[in-house]
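Read-outs throughout are calculated quantities, based only on the coordinates presented, and are distinct from any laboratory measurement. Predicted model, so just to flag it, every value in this text is computed and none were measured. Counting neighbours? That spans all protein chains shown, and the Cβs are built from the backbone with ideal geometry, glycine included.
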Amino acid sequence: MKEIIKVSSLSKEFGTLKAVNGISFSVSEGEIFGLLGPNGAGKTTTIKMLTTLLKPTSGSAIVAGHDIKSDPNDVRKRIGIVFQDPSLDDDLTGFENLQFHAILYNIPKNRREKRISEMLRLVELEDKASVLVRNYSGGMKRRLEIGRGLVHEPKILFLDEPTIGLDPQTRRHIWDYISKLNKSTKTTIILTTHYIEEADYLCARVAFVDHGRIVALDTPKNLKDMLGGDIVSVNIEEGMERLEKVLRTVKWISSISRRGNLLELNVKEGEKRIPEIVKLADARGVNIGSINLHKPSLEDVFIHYTGKGIREEEGNWKDVMRMHRAARNR
Amino acid sequence: MTMEFNAIYVLWLRDTIRFVRAKSRIIGMLMMPLFFLLGLGLGLGSLVQLGSGISYFDFIVPGIIGMSLLFTSIFTGSAVLWDRQFGFLKEIMVTPNSRTSIVIGRIMGGATTAILQSILVIVIAMLIGFHVVLSAYTALAIVFMALIAATFISLGLTLGSVINDFQGFQLVTSFFTMPLFFLSDSIFPASALPVFVRNITFLNPLTYGIDGLRIALTGSGTFPVWIDLLAMAISTVIFVLIATYAFSRTDVG
Ligand SMILES: Nc1ncnc2c1ncn2[C@@H]1O[C@H](COP(=O)(O)OP(=O)(O)OP(=O)(O)O)[C@@H](O)[C@H]1O
Ligand SMILES: [Mg+2]
């Protein structure tokens, strides 16, 4: 498939801090591509460079056929973005926000109205069009921002943490809009997130970002398969030795480890193997207390690569400001 | 080219709509000039006698308008610091419009609201006894207001572009606003100052802006009106250029 974004050893330094440290990847046309990583990983900085808001310290990127350094204006014409922090004007109505946006992209008057109403329909805010944005809920604001980002028919839509701070139900809703618009408009989408499920649910491919670097990049399925399948934990009341001995001879178990009276088995398609494990235990009179099946998530893969989880709290003044704003907007 | 006008127009329209919609904000912005009118104008005015034949109240109203233009303009301009990170500005910065048109749009929007606000102050002042002397120069009042606003919105934009943290910001803005305010002949005639200090006021654009307003509204001032106009025009051009330069160089976020 055609490449629409090509990033080559892109870096950004703030003083001595290497916020983005030589990342390279490409995105195909029509793909939903995700950058997944903890706070401060450099996701937003990457997005800001690709959307021409920040100048890279080194490296280059071609976005929608144009170089971000040498023709930023041509890049800007072809992209839409939803920022991590809210960027709507609260004192304007939903319609006005989109209208001003359309004027800023020089959409002729006759097409303007049509585009705006199409986008309002896409994000299901037609009936709120003339309400001041300050009276919108958090989820409605996010939807309006997504609609706004699409008014000028960009080739690529950048979504920086599209569902941050939203409740799980609203988050699901936004996911539906995102996949709907990706299918219906064929817009390429590149999103950042630190929600595992978001990346897993939406993205065709995911890049794990940590400390400004990409530590792994593949489809969610391939990433998870890399860990060698599911973990079946068997809690044994009596007969640990006997069961372990026999399980060690079973071909479909790739590894076994013991933790107290837990036996952890690494198994592909664990749910199908549980009955067999029970049968083997019964045959040897082993007493099983409980069995627990754990499917690896992208989080496990992330931990595998970086030795730590994705959610990590870090408070700088920006986060504090964000909290204030979020509280005000509620 | 039409594109550039679009950006300017949208920024101007946005500020104007916001101003008209936010009634509470208008009242908030009128509070300070109102206190000055009452406290300095009427209170102090009853004790002070100026040699020039003009009442102290009539003298100080243009000064208070200049002051409120100074404060609102610097505040409006410097809001880019906040906007760069959290506001609508990022959305503008990522559109295919030049930085220059963004600066100009912002200045025009801010100047329009500052002028509307000043007109309200004049009306209130007239209600409590300010005498506007109509002359060929009266309409120039709007021009002086626009030039004062453009100069100091540009100063605010420059500060908001150069400074990167909120803590130092308050300090730096008051470091600029206070001397600009006191070292102009806003609340007392500069002739009352020692020569050395008086010479400093000649370097302050606000001195000429307020003098121009005084001529336009009350008919009497220190300098000929063309000097005031020239000085304000020059300071506007210089400050707008600096602001455009500073703003184009800043990164967003
Ligand atoms: N303008 C700036 N000046 C200095 N440091 C910055 C600036 N912007 C970002 N940083 C730093 O660069 C690093 C990467 O920040 P970035 O915002 O890209 O992270 P992120 O992955 O988007 O994290 P989050 O999940 O918090 O949004 C952080 O350590 C951050 O504090
Ligand atoms: Mg971020």
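Values as computed for the structure displayed
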{"item": "B:Ile27 paired with B:Asn199, simple spin-label distance in nm, labels 7 Å along Cα-to-beta-carbon", "result": "4.9"}
{"item": "Whether the range B:32-119 is rounded, prolate or oblate, judged on the alpha carbon gyration tensor where a/c under 1.5 counts as rounded", "result": "prolate"}
{"item": "Ascending count of other beta-carbon atoms within 10 Å, so fewest first, for B:Trp12, B:Trp82", "result": "B:Trp82, B:Trp12"}
{"item": "Relative counts (whole %) of C-alpha pair distances in the range A:229-295, using bins that are 5 Å wide", "result": "4, 19, 35, 30, 12, 1"}
{"item": "Of B:Ala79, B:Ala139, B:Ala114, the one that fluctuates the most in a GNM where chain B has Cα springs shorter than 10 Å", "result": "B:Ala139"}
{"item": "Average beta-carbon neighbours from other chains, 10 Å sphere, peptide B:7-15", "result": "3"}
{"item": "Derived scalar couplings ³J(HN,Hα) [the range A:10-19; Karplus, 6.51 cos²θ - 1.76 cosθ + 1.60; whole Hz; x for Gly, Pro]", "result": "6, 9, 9, 10, 10, x, 8, 7, 8, 5"}
{"item": "Degrees, to the nearest 10: B:225-249 long Cα axis against longest axis of chain B", "result": "20"}
{"item": "Fully extended contour minus Cα-Cα distance, from A:Ala283 to A:Lys180, at 0.36 nm per residue", "result": "31.9 nm"}
{"item": "DSSP bridge pairs, the protein assembly as shown: antiparallel proportion in percent, nearest 5", "result": "70"}
{"item": "Residue mean of other protein chain beta carbons inside 10 Å, A:288-301", "result": "0"}
{"item": "With Cα atoms, 0 to 90° folded angle of helix A:138-150 axis to chain A main axis", "result": "60"}
{"item": "Quotient of C-alpha Rg and 2.2 N^0.38 Å, computed over chain A", "result": "1.20"}
{"item": "When each of A:Lys183/A:Lys308; A:Lys155/A:Lys221; A:Lys141/A:Lys224; A:Lys251/A:Lys295; A:Lys109/B:Lys23 is checked by Cα-Cα distance, pairs over 29 Å", "result": "A:Lys183/A:Lys308; A:Lys141/A:Lys224; A:Lys109/B:Lys23"}
{"item": "Candidate lysines - alpha carbon under 19 Å from A:Lys245, same-chain residues fewer than 8 apart omitted", "result": "A:Lys279"}
{"item": "Cα-based shape type of the range A:30-82, given that a ≥ b ≥ c are square roots of the gyration tensor eigenvalues and the cut on a/c is 1.5", "result": "oblate"}
{"item": "Rounded tilt (10° steps) of B:2-21 against the dominant C-alpha axis of chain B", "result": "60"}
{"item": "In sequence order, calculated HN-Hα J values of the range A:250-261 (Karplus, 6.51, -1.76, 1.60; Hz; x Gly/Pro)", "result": "7, 5, 7, 9, 7, 7, 10, 9, 10, 9, x, 9"}
{"item": "Label-point separation in nm, B:Trp226 to A:Asn222, each point 7 Å along Cα→Cβ", "result": "7.7"}
{"item": "DSSP beta bridges in chain A [antiparallel fraction, %, rounded to 5]", "result": "70"}
